[in-house]
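Every read-out reported here was derived from the displayed coordinates using simple, explicitly stated rules and does not represent laboratory data. Remember, it's a predicted structure, so these values are computed and weren't measured experimentally. Virtual Cβ from ideal backbone geometry, glycine too; neighbours counted across all protein chains shown.
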Amino acid sequence: MDRNDKNYKRALIANRIAQELHDEDFVNLGIGLPTLVANYIPAGITVHFQSENGIMGVGSAPTPENQDEDLINAGGGHITALPGACYFDSATSFAIIRGGHLNMTVLGALQVDGKGNLANWMIPGKMVPGMGGAMDLVTGAKNVVVAMEHCDKHGNSKILKDCTLPLTAKGKVTLIVTDMALIRITEKGAVLEEIAAGLTVEEVLEHTEADLIVADNIKEFDV
Amino acid sequence: MAKVITSKQAAEMIKPNDRLMIGGFLAVGAPELLIDELVKANVKDLHAIVIASDYENRGIGKLVANKQLKSAQVSHLGTNREIQAQMNAGEIKIELVPQGTLMERVRAAGAGLGGILTQTGLGTLAQEGKPVIEADGKLYILEKPIQADFALVRAFKADKLGNLIYNKTARNSNPIMAMAGNITIAEVDEIVEVGELNPEEVVTPGVFVDYLVKREA
């Protein structure tokens, strides 16, 4: 295993997040890295995946000859519908999201901070793609999980004392899982509960701008 | 009865400065035939109310590429570089609206509501300039209805009363927008006789639909 390998990091993060899932959870996965979580669902449990464009019961990607132009996920990729799936309009879809009916949403982030603030929808003057459904997802889901690399490409911590980019939501993040650490946002503050196998707590703290409370019985996670 | 017209007749009703709700999500469920006729008619200075700006060559993106939009209320631009370029150049005015909020604002217009209260966007740029209201000890943003002159929607099947059913994830914003246009035009694959749709399966009641345009096979 190469700790700096992109695919290793992504697998590490996705696998760890999947261990947070429970039988019969309803979950929305964001585009990119979060979608990989579906590949690591623990044996013996069933999880129902929603896509905000209007389906509960998202299945795996179809083979090219089985693609249906009217069946996509929120990233525009072709999907299949599992037995028991249902389709609904966008208002119903966001009623599910905003109304607290999802157990978990997993999203990427540009920045996140120790207070559970999240920024993932714009860099003023550079990139303004819009928030899409992210603000609703982060506001409504019971558990808001951020899946991202710990540092940006320049090696700077993406887990800050205070987000500097425009927020997606204030104080809604419940869990951050990176290629270095698992950090839970609690009432007492951001708690470092687990570190990636092969790292030390000192190394994680060195690469984290936010103040972290180090848990007493710190654990390791691996792929 | 919903009146059956051609796509050309539909496009001819739409004038500069009209406000259009256009259904679809990343061009799936977009009324492509109506959009193509609007491009041909080259009506300018339109305002679009859409989930996303789709792609340069599909869905709403075709109206953007032909520079027919002066403004838009939209939740996501990330798949369309052209609209971002026009926004940065000041050629199109964009109001970014969280997707769930956008749908409820559209629904409010169709449902006769004066607005909705949502926690989405609290403490973010989406809150700017809007009243924040406390109800039962919780804070909410007051979001006002979004009205439109026309809703252009896409459905799979209609009966002659305008009752609509949809296909898979092509449903998305279409049933919500169908409720909200002053005039609603539905582009459909098939039109059947009254009585042929199972009333239990109708998604959009025909009362919301004014005109039907049939796609040619």
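Beta bridges assigned by DSSP with both partners in the range A:149-223 are antiparallel in approximately 65 percent of cases. Counting Cβ atoms of other protein chains within 10 Å of each residue's Cβ and taking the mean over peptide B:161-167 gives 1.
What does the average come to when, for each residue of peptide B:73-80, you count the partner chain Cβ atoms lying within 10 Å of its Cβ?
Mean shielding count: 4.
From least to most packed, judged by other beta carbons within 10 angstrom and beginning with the fewest, A:Met104, B:Met103, A:Met127 follow the order A:Met127, A:Met104, B:Met103. Think of the range A:6-221 as a dipole: +1 on every Lys or Arg Cβ, -1 on every Asp or Glu Cβ, centred on the Cα centre; then among A:Tyr8, A:Ala61, A:Ala210, A:Ala210 lies furthest on the positive end. Dipole of the range A:6-221 computed with +1 at Lys/Arg Cβ and -1 at Asp/Glu Cβ about the Cα centre; of A:Gly100, A:Ala38, A:Ile17, farthest Cα towards the positive end is A:Gly100. Computed from backbone phi, the HN-Hα couplings of the range A:52-64 come to 5, 6, x, 8, 10, x, 5, x, 6, 5, x, 5, x Hz, rounded to whole numbers (Karplus: 6.51 cos²θ - 1.76 cosθ + 1.60, θ = phi - 60°; Gly and Pro given as x). A DSSP coil position with no more than 15 other Cβ atoms inside 10 Å describes the following trypsin sites (Lys or Arg not before Pro) in the range B:1-105: B:Lys44, B:Lys67.
Remark: the A:Thr200-A:Lys142 segment gains 17.8 nm on full extension, using 0.36 nm per residue and subtracting the alpha carbon distance. Summed over qualifying helices (DSSP H, 4 residues or more, each -39500 (n - 2.57)) and divided by its residue number, chain B shows a 222 nm mean residue ellipticity of -6500 deg cm²/dmol. Basic side chains Lys and Arg get +1 at the Cβ, acidic Asp and Glu get -1 at the Cβ, and with that the dipole of the protein assembly as shown about its Cα centre reaches some 1160 debye. Note on chain A: helix-only mean residue ellipticity at 222 nm, from DSSP H runs of 4+ residues weighted -39500 (n - 2.57) and normalised by residue number, equals -4500 deg cm²/dmol. GNM on chain B, alpha-carbon springs under 10 angstrom: the most fluctuating residue among B:Val203, B:Val64, B:Val50 is B:Val203. Take every DSSP beta bridge whose two residues both sit in the range A:6-221; close to 50 percent of them are antiparallel.
The mean number of Cβ atoms from other chains found within 10 Å of a Cβ in peptide A:117-123 is 2, as a whole number.
Sequence-distant contacts, meaning Cα pairs under 8 Å at least 6 residues apart, place the relative contact order of the range A:46-168 at 24 percent.
Let me check against my output: what whole-number percent is the relative contact order of the range B:1-124, with C-alpha pairs under 8 Å and at least 6 apart?
Across the range B:1-124, relative contact order equals 18 percent.
Across chain B, the convex hull enclosing all Cα atoms gives 124 Å³ per residue. About its Cα centre, the range B:112-172 has a charge dipole of approximately 460 debye under the convention of +1 per Lys or Arg Cβ and -1 per Asp or Glu Cβ, with nothing else charged.
Quick one: check the C-alpha center-to-center distance for the range A:50-102 versus the range A:1-21, whole angstrom. For the range A:50-102 versus the range A:1-21, the Cα centre distance is 25 Å.
Close amide H contacts of A:Leu160 (hydrogens built in the peptide plane, cut-off under 5 Å, sequence separation of 5 or more or a different chain): A:Val112, A:Asp113, A:Gly114, A:Ala210. Of the cross-linked pairs A:Lys9/A:Lys142; B:Lys93/B:Lys144; B:Lys3/B:Lys93, which ones have a Cα-Cα span greater than 23 Å in the structure shown? Beyond 23 Å: A:Lys9/A:Lys142; B:Lys3/B:Lys93.
Once C-alpha pairs closer than 8 Å and six or more residues apart are averaged by separation and normalised to the residue number of the range A:6-221, the relative contact order reads 17 percent. Bridges between two residues of chain B, per DSSP, are antiparallel at a rate of about 25%.
Applying 1/(1 + (r/R0)^6) with R0 = 35 Å to the Cβ-Cβ distance of A:Tyr8 and A:Asp162 gives a FRET efficiency near 0.70.
Here the 3J(HN,Hα) profile of the range B:100-107, calculated from phi with Karplus coefficients 6.51, -1.76 and 1.60 at θ = phi - 60°, is x, 5, 4, 5, 5, 5, 5, 4 Hz, Gly and Pro shown as x.
Summarising the label geometry, the points placed 7 Å from Cα in the beta-carbon direction at B:Ala65 and B:Glu216 lie 2.1 nm from one another.
Here the dipole of the range A:6-221 is about 400 debye; that uses its Cα centre as origin and unit charges on the Cβ of Lys and Arg (positive) and Asp and Glu (negative). If you build a Gaussian network model of chain A, linking Cα atoms that sit under 10 Å apart, which residue out of A:Thr200, A:Thr139, A:Thr63 swings the most? Of A:Thr200, A:Thr139, A:Thr63, the most mobile in the Gaussian network model is A:Thr63. With Cα atoms defining each centre, the range B:115-192 and the range B:17-31 are spaced 11 Å apart in the structure.
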